[in-house]
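The values are calculated or read from the model by the stated rules, or taken from the named source; none is laboratory data. The structure displayed is predicted, hence computed values, not measured ones. Positions of Cβ are generated from backbone atoms using ideal geometry, with glycine treated the same way; all protein chains shown enter the neighbour counts.
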Amino acid sequence: MYTFNRERRKIEPKEFLFYSASILFFIAAVLFYIWPYVNILDINYEFERLHKERARLAQDNNLLKIEMASLESLDKVEEAAYTRLGLIFPKDGQVVIVKTE
């Protein structure tokens, strides 16, 4: 059985300093060893995020190209001018050409 009334061992200041320095050195070595892996993991997360964003932007670009092509269609423009805006083609005498100098 353990006895709790035994005398405590006195630790010398040099011994305490040695143990403290050893523990700090061990912690620093572990952090120094682990840091590149943590950094690589962070870079991989950033790469995945940018890869997803690039795919989303490429899809948006394709949709915008399709929309631009549909808006540039002259038939659609002409139909929108007739139906929504009520525009008509000018008659023969209504067009006046102005010469510039």
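Restricting Leu17, Leu87 to those that are in a loop (DSSP other than H, G, I, E, B), under 49 Å from the mean Cα position of the chain (by Cα) and either surrounded by 10 or more Cβ atoms within 10 Å (Cβ to Cβ) or among the β-branched types (Val, Ile, Thr) (or both) reduces the list to Leu87.
Per-residue answers, yes or no, for (1) exposed (fewer than 10 other Cβ atoms within 10 Å of the Cβ); (2) modelled with pLDDT of 95 or more:
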position	(1), (2)
Arg49	no, yes
Ser73	no, no
Lys76	no, no
Ala81	no, no
Val95	yes, no
Val98	yes, no
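Can you confirm whether the range 74-90 contains a residue that is touching a helix residue (DSSP H, G or I) at 6+ places or on another chain (Cβ under 6 Å) and without any contact (Cβ under 8 Å) to a residue 12 or more places away in the chain? Yes, the range 74-90 contains a residue that is touching a helix residue (DSSP H, G or I) at 6+ places or on another chain (Cβ under 6 Å) and without any contact (Cβ under 8 Å) to a residue 12 or more places away in the chain.
Each row is one residue, and each column tells you yes or no for (1) under 28 Å from the mean Cα position of the chain (by Cα); (2) touching a residue at least 24 places away in the same chain (Cβ under 8 Å); (3) in a helix (DSSP H, G or I).
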{"position": "Ile11", "(1), (2), (3)": "no, no, no"}
{"position": "Phe26", "(1), (2), (3)": "no, no, yes"}
{"position": "Ile43", "(1), (2), (3)": "yes, no, yes"}
{"position": "Arg56", "(1), (2), (3)": "yes, no, yes"}
{"position": "Ile66", "(1), (2), (3)": "yes, no, yes"}
